[in-house]
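Step one of this worksheet: look at the structure below.
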Amino acid sequence: MKDKACIVGVGESAYTRDVELSKSVLAIQLEASMRAIEDAGLSPKQIDGILPSQYGPTTEELAANLGIEELRFATTVHMGGAAAVASLQHAAMAVSSGAAERVLLVSGWNGYSMQRARNILSTNVTVLPGGAIARDYYMPYGLTVPAQWYALIARRHMHEFGTTQEQLGAIALAMRKHASLNDKALMRDRALSLKDYLSAPVIADPYRMFDCCLETDGAAAVVVTSAERAKDRKHRPVYIMGAAAAHPYPADEFTNREDIFHTGLTDAAPKAFAIADVSPSDVDFAEIYDCFTFEVLQQIEETGFCERGEGGAFVEGGRIEIGGELPVNTHGGLLSEAHVLGMSHIVEAARQLRGNLGKRQVKGAEIGVVTGWGDFGDGSIAVLRR
Amino acid sequence: MSDKPLPELAGYAKEFYAWCRRGDLRFQRCSDCDAWRHVPREMCAKCGSAEWKWVKSSGKGTVFTWTVAERAMHPAFADAVPYAPVVVEMDEGVRLVTEIVDCAPSELEIGMRVEVAFAKVSDELTLPKFRRMP
Ligand SMILES: [Zn+2]
């Protein structure tokens, strides 16, 4: 797989939190798709593979609207927030095997203006693969949403390793700082201090309000093609050096994992680095799926940027801010830019590697990592280079 | 205020909660390798056996982790906040999500010893909850 596929187009719809501006999920996914296709210097008819999100319009609807007459490859990855990066892996496999030549990935939703994102699973948790277990054994005790599930893991981490509330706060503050450098970020003008963070209402201890991602309307899309076809495009190609995805064991019930910190990423990360033939110390920045602050810390550990238990110290002292040792979520992430189910992390990573991102450009960015986290700890990761 | 979400009493969940209604906390135990398991499954993940029995638990365990829900994320829990979903690790090794009935959220501690205390929800359903051990 190494270096056989490239990201050649990226794009987003408008990101909004305004019922008045609400459009259908199909409309915003098409808006993002057209921007990514144009960014790749292609016409929509040239797309021959689609990886739609499990939440939103089908391949058939997308293809009919885009006028794609020769659709040769279509599949949907059911990994929740890990699906976008896992789809990038599938796209790379498709173009490197010849199953398709130009593949479109798109995800997005009306997480603000229609059903609020927080209510989707509490209303019907069985939309989740394995959700019947949550319905029968979690929900009766009021354990109804991801914030509460993951808070249980965060609390255990604090107990075993001494991770602190302030360290989770450092993650929220870094994302907010990065958002101030990004015109698209919905929180760009909302400065956040540690005092604000600590005095915000508790949602599910240890998660306070600013530990939780935004609920937004928006979509993002990416176009992948083979390395050969990627030459002579509008923008310099971004190479997929390695990618992997994995489910933890068991994937449908997280409390009985022998090692509760062993998630999909724990297995996927070494695989992706082995394919890419680089190590975490070679990485210049990381776009990490930040549904909640602790998941950033945990993924930093499981990706191998530090040892397990050291994540708390790692995120302190500006290390994950632009200018630090490992800038994380340079766009502001799900916490402070917008929540479009992880595709925006791939978009940002590609832009960082193209360069010229102005104030938020990571200087000398050559290699970047993007991760996904979904459902009860599914994981995905891609290692990208310019 | 809407009704609290309930388990769907079908399949193995029906059997698990039927034991609870009789005041018995039972988990599946593999007939071949003796491994305990929860949640219920068709097969033993350790040895692959499809033979198993519902075996009575000691009912004793230890708090493994918890969270305090201060904001209700489901309308049925609006009057319940703050409440604390807890994961208890049973002495048999399996873990389950539950609640400690006689412990304020602020007094919860990982490692606290607890024992099962059944809570009747309706004629059809009794939930296994826990209380502090003396
Ligand atoms: Zn067995």
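Considered as a group, the residues in region B:50-77 that are at pLDDT 95 or above and among the aliphatic types (A, V, I, L, M) include one that is nearest to B:TRP36 (Cα to Cα), and that residue is B:VAL55.
Name the residue that is nearest to the other protein chains (Cβ to nearest Cβ), counting only residues in region B:117-134 that are open to solvent by less than 30 Å² (accessible area, probe 1.4 Å) and outside any loop (DSSP other than H, G, I, E, B).
Quick first cut of region B:117-134, residues open to solvent by less than 30 Å² (accessible area, probe 1.4 Å) only: B:117, B:119, B:125-128, B:130.
Those still in the list that are outside any loop (DSSP other than H, G, I, E, B) too: B:117, B:119, B:126-128, B:130.
Numbers: B:ALA117: 14, B:ALA119: 10, B:THR126: 11, B:LEU127: 6, B:PRO128: 10, B:PHE130: 11 Å.
Only one residue tops the list, namely B:LEU127.
The single residue among A:VAL85, A:VAL103 that is open to solvent by less than 50 Å² (accessible area, probe 1.4 Å), closer than 23 Å to A:LYS234 by Cβ and not basic (Lys, Arg) turns out to be A:VAL103. The single condition among (1) part of a helix (DSSP H, G or I); (2) open to solvent by 10 Å² or more (accessible area, probe 1.4 Å) that A:ALA91 does not satisfy is (2). No other residue among A:ASP290, A:ASP252, A:ASP267 is part of a loop (DSSP other than H, G, I, E, B), open to solvent by 10 Å² or more (accessible area, probe 1.4 Å) and either of a type outside the set (A, V, I, L, M) or more than 22 Å from A:ALA382 (Cβ to Cβ) (or both) apart from A:ASP252. Give B:VAL86, B:VAL81, B:VAL101 a once-over and let me know the one that is closer than 24 Å to B:TRP19 by Cα, of a type in the set (Val, Ile, Thr) and surrounded by fewer than 19 Cβ atoms within 10 Å (Cβ to Cβ). Result: B:VAL101 is the single residue among B:VAL86, B:VAL81, B:VAL101 that is closer than 24 Å to B:TRP19 by Cα, of a type in the set (Val, Ile, Thr) and surrounded by fewer than 19 Cβ atoms within 10 Å (Cβ to Cβ).
When you look at B:GLU15, is it among the acidic types (Asp, Glu), more than 16 Å from the ligand (Cβ to nearest atom) and within 14 Å of chain A (Cβ to nearest Cβ), yes or no? Reasoning before the result, please.
Working: among the acidic types (Asp, Glu): yes; more than 16 Å from the ligand (Cβ to nearest atom): yes; within 14 Å of chain A (Cβ to nearest Cβ): yes.
It is true that B:GLU15 is among the acidic types (Asp, Glu), more than 16 Å from the ligand (Cβ to nearest atom) and within 14 Å of chain A (Cβ to nearest Cβ).
Scan region A:180-200 and give yes if some residue there is more than 14 Å from chain B (Cβ to nearest Cβ), part of a helix (DSSP H, G or I) and within 24 Å of B:PHE64 (Cα to Cα), otherwise no. Can you show your working first?
Initially, region A:180-200 is screened for residues more than 14 Å from chain B (Cβ to nearest Cβ), giving A:180-198.
Filter once more, so that each one left must be part of a helix (DSSP H, G or I): A:194-198.
When the remaining residues are screened for being within 24 Å of B:PHE64 (Cα to Cα), the result is none.
No, there is no match, as no residue in region A:180-200 is more than 14 Å from chain B (Cβ to nearest Cβ), part of a helix (DSSP H, G or I) and within 24 Å of B:PHE64 (Cα to Cα).
Against the conditions (1) more than 8 Å from chain A (Cβ to nearest Cβ); (2) more than 16 Å from the ligand (Cβ to nearest atom); (3) crowded, with 18+ Cβ neighbours inside 10 Å, B:ALA10 satisfies every one except (3).
Once region B:87-116 is narrowed to residues that are within 8 Å of another protein chain (Cβ to nearest Cβ) and touching a residue at least 40 places away in the same chain (Cβ under 8 Å), the residue that is farthest from B:SER57 (Cα to Cα) is B:ILE110. If you go through region B:18-69 and pick out every residue that is more than 14 Å from chain A (Cβ to nearest Cβ), open to solvent by less than 20 Å² (accessible area, probe 1.4 Å) and within 16 Å of the ligand (Cβ to nearest atom), you end up with 2.
The values are calculated or read from the model by the stated rules, or taken from the named source; none is laboratory data. Treat the numbers as computed from the prediction; the structure is a model and nothing was measured. A quick note on method: Cβ atoms are made from the backbone with ideal geometry, for glycine too, and the neighbour counts reach across all protein chains shown. The protein model used for the area step is the full one, side chains on, heavy atoms only, and it has no ligands, DNA or RNA in it. Shrake-Rupley method; radii C 1.70, N 1.55, O 1.52, S 1.80 Å.
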